[in-house]
């Protein structure tokens, strides 16, 4: 089932309003849950669909199909409670985003992280021409930038000890998403600050967030016992790609040898894994072109020639950069090619529409 069908079906079933207080629940097509376990099962289904929608939208630039402000369903309880059938209180997503994590499970944190990941990437895709980007206090761009930065900081601070670092798969995924989201918004912030001659303090504060997040991604990947299995998740490739790009930019601007070493290590890793993983191969090829374009490694494309020869999909490479805006589209799609299809004859249109006033 496609993401769009899953979203609409979950809404038809009323899964987005399981804990609402109004009468709109009468539009739901499911009977009331028999017990807490069935209610929790419905909550988990809704939020799994939510995460799929946000990941799809965040990496393609397409509009999201689910509005968090129209979801009254509480976040899932802990896995232990669900498996044992023991009722447990839970919080709403808006409560957790506000910093109240007292009732948030690990699944709930994953949902919160996915939401922030999408919001940060969505921010980078917006057309900011109508906003006065020189006004750092009142423009919509900088207001949202600050709000997202605050939300990310709150998320990092409120993570429980069990979800810090990379000692579990859950912790690894959550931290990779948060650091990738941080890189995405601060790269865009840095580009806009340079373009519009914003004060040096704003630019330096934004740039100062990039390398620490890239370092965190590098350390998480380096700590994994089975890196190949880890890269089976496309979002891990995205995180590695963004970290590599930060190290590249840092080396170009500051000649930081540590950044050069980490950039090279991640690039070599993506090339190696890319021989078995087409997603990682595409990202490695894209990064090789960036390395050659900047003059850092003139032979970078030669190193991925075998990956280019073996590519089955001939579509655009993953991780396309918009250097003018600072955004990165991880999953771009080809536009239509070839001649346009023939138009519908006007007489057919007139005949089909004749019944309308």
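Residue 228 - would you say it is modelled with pLDDT of 90 or more and either surrounded by 14 or more Cβ atoms within 10 Å (Cβ to Cβ) or in contact with a strand residue (DSSP E or B) (Cβ under 8 Å, 6 or more places away or on another chain) (or both)? For residue 228, the condition - modelled with pLDDT of 90 or more and either surrounded by 14 or more Cβ atoms within 10 Å (Cβ to Cβ) or in contact with a strand residue (DSSP E or B) (Cβ under 8 Å, 6 or more places away or on another chain) (or both) - is not met.
I need the full set of residues from region 58-67 which are out of contact with any helix residue (DSSP H, G or I) (no Cβ under 6 Å at 6 or more places or on another chain) and either in the same structural domain as residue 116 (by TED's automatic domain parsing) or not in a loop (DSSP other than H, G, I, E, B) (or both), in order please. Hits for region 58-67 are 59, 60. Given the condition modelled with pLDDT of 95 or more and exposed (fewer than 15 other Cβ atoms within 10 Å of the Cβ), answer yes or no: does some residue in region 196-214 qualify? There is at least one residue in region 196-214 that is modelled with pLDDT of 95 or more and exposed (fewer than 15 other Cβ atoms within 10 Å of the Cβ). Residues being in contact with a strand residue (DSSP E or B) (Cβ under 6 Å, 6 or more places away or on another chain), touching a residue at least 24 places away in the same chain (Cβ under 8 Å) and surrounded by 18 or more Cβ atoms within 10 Å (Cβ to Cβ) are entirely absent from region 308-318.
Here residue 31 meets each of (1) modelled with pLDDT under 95; (2) closer than 30 Å to residue 328 by Cβ with one exception, condition (2).
This table checks each residue for (1) within 29 Å of residue 121 (Cα to Cα); (2) surrounded by 15 or more Cβ atoms within 10 Å (Cβ to Cβ); (3) modelled with pLDDT of 95 or more.
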residue: 2; (1), (2), (3): yes, no, no
residue: 16; (1), (2), (3): yes, yes, no
residue: 44; (1), (2), (3): yes, yes, yes
residue: 52; (1), (2), (3): yes, yes, yes
residue: 69; (1), (2), (3): yes, no, no
residue: 85; (1), (2), (3): no, no, no
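Taken over region 74-88, the criterion of being closer than 12 Å to residue 108 by Cα and either touching a strand residue (DSSP E or B) at 6+ places or on another chain (Cβ under 6 Å) or assigned to a loop (DSSP other than H, G, I, E, B) (or both) is satisfied by 74, 75, 76, 77, 78.
Failed condition for residue 186, given (1) in contact (Cβ under 8 Å) with a residue 40 or more places away in the chain; (2) within 20 Å of the chain's Cα centre (by Cα), with all others met? Of everything listed in (1) in contact (Cβ under 8 Å) with a residue 40 or more places away in the chain; (2) within 20 Å of the chain's Cα centre (by Cα), residue 186 misses just condition (1). Within region 166-183, being more than 30 Å from residue 134 (Cα to Cα) and either touching a residue at least 40 places away in the same chain (Cβ under 8 Å) or in the same structural domain as residue 56 (by TED's automatic domain parsing) (or both) holds for 166, 170, 172, 173, 174, 175, 176. The listed residues are 176, 133, 152, and the only one of them that is out of contact with any strand residue (DSSP E or B) (no Cβ under 7 Å at 6 or more places or on another chain), modelled with pLDDT under 90 and surrounded by 15 or more Cβ atoms within 10 Å (Cβ to Cβ) turns out to be 133.
Assessment of region 267-274 against the conditions (crowded, with 24+ Cβ neighbours inside 10 Å, within 22 Å of residue 327 (Cβ to Cβ) and under 20 Å from the mean Cα position of the chain (by Cα)) yields at least one matching residue.
Return yes or no: is residue 128 surrounded by 13 or more Cβ atoms within 10 Å (Cβ to Cβ), under 17 Å from residue 203 (Cβ atoms) and in contact (Cβ under 8 Å) with a residue 60 or more places away in the chain? Answer is yes for this residue. Only one of the listed residues (97, 75, 46) is touching a helix residue (DSSP H, G or I) at 6+ places or on another chain (Cβ under 7 Å) and not assigned by TED's automatic domain parsing to the domain that holds residue 9. That residue is 97.
Listed by first and then second residue, the pairs linking a residue in region 225-254 that is more than 17 Å from residue 273 (Cβ to Cβ) to a residue that is at pLDDT below 95 and loosely packed, with under 15 Cβ neighbours inside 10 Å, with Cβ atoms under 6 Å apart and 6 or more places separating them unless they lie on different chains, are 252/294.
The values are calculated or read from the model by the stated rules, or taken from the named source; none is laboratory data. None of the values given here were measured: they were computed from a predicted structure. Quick reminder, even Gly has a Cβ in these numbers, built from the backbone with ideal geometry, and neighbours come from all protein chains shown.
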